[in-house]
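The values are calculated or read from the model by the stated rules, or taken from the named source; none is laboratory data. This is a predicted model, so every value here is computed, not measured. So basically every Cβ, Gly included, is an ideal-geometry build from the backbone, and we count neighbours across all protein chains shown.
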Ligand code: ADE
């Protein structure tokens, strides 16, 4: 799979892309990730990429010229055209279903915005698939792009090494359940015991217990409000 990242802040990605899972996947040739600086497509000595909105209003908008030129250049750099994803709070909400759809593609092009957003003609010209990672506003699309790349990479064959591990993740499988509790050694920690069933060696019973725990955890999905009472203190 090839992933292109188009950004005004390439440095944000360096340690993320060299990190363990992605770094190894790139070295192994499983994922080819390339970064392009949108500013390289700006004109003039100042290489201006943003300007004030017509009609007034706060902040600065990304100008259409550098963005569209950048996308066209990156798309043309490979005979295989990529699915163009624009990161914006108004896009389709990212979930595991969408991650699976994206992981099935051979090439993705991720367009990160900054400032107050893009000039509307960027959308009109490029017709991207707009994606949001949640109903909150980030200062740019870079963190959203990293979330997408991280989640997608886990589903690219051979990246995890253990395919079963991705299949057992939360939100995988037809029921899209959250994962239930897991335990490792020691068998007792501060008086808390590992559930007997997990020590039973009965794989059918263990699978049934895990499924029920996942159903319960999905139902209980936290809606906790933050109050002084939710602060946990230690003696
Ligand atoms: N850019 C700013 N906020 C965003 C969000 N919530 N998701 C994706 N891109 C964004």
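Has region 95-109 got any residue that is under 13 Å from the mean Cα position of the chain (by Cα), within 10 Å of the ligand (Cβ to nearest atom) and either without any contact (Cβ under 8 Å) to a residue 40 or more places away in the chain or closer than 22 Å to residue 34 by Cα (or both)?
no
Out of the residues in region 54-76 that are loosely packed, with under 13 Cβ neighbours inside 10 Å and over 14 Å from residue 121 (Cα atoms), which is nearest to the ligand (Cβ to nearest atom)? If you could, list the steps in order and put the result at the bottom.
Step one: list which residues in region 54-76 are loosely packed, with under 13 Cβ neighbours inside 10 Å, which gives 54-59, 76.
Of the ones still in play, those that are also over 14 Å from residue 121 (Cα atoms) are 55-59, 76.
Details: 55: 22, 56: 22, 57: 17, 58: 15, 59: 12, 76: 25 Å.
For region 54-76, the residue satisfying everything is 59.
Answer with yes or no whether residue 181 is at pLDDT 95 or above, over 21 Å from the mean Cα position of the chain (by Cα), within 30 Å of residue 101 (Cα to Cα) and in a loop (DSSP other than H, G, I, E, B).
Working: at pLDDT 95 or above: yes; over 21 Å from the mean Cα position of the chain (by Cα): yes; within 30 Å of residue 101 (Cα to Cα): yes; in a loop (DSSP other than H, G, I, E, B): yes.
Yes, satisfied.
Kindly list the number of the only condition in (1) within 34 Å of the chain's Cα centre (by Cα); (2) at pLDDT 95 or above that fails for residue 170.
It fails just one condition, (2).
Counting only residues that are within 8 Å of the ligand (Cβ to nearest atom) and assigned to a loop (DSSP other than H, G, I, E, B), which one in region 126-146 is surrounded by the most Cβ atoms within 10 Å (Cβ to Cβ)?
141
For region 77-94, enumerate the residues that are loosely packed, with under 15 Cβ neighbours inside 10 Å and within 13 Å of the ligand (Cβ to nearest atom).
First, pick out the residues of region 77-94 that are loosely packed, with under 15 Cβ neighbours inside 10 Å: 77, 79-81, 83, 90, 92-93.
Listed by number, the residues that qualify are 90, 92, 93.
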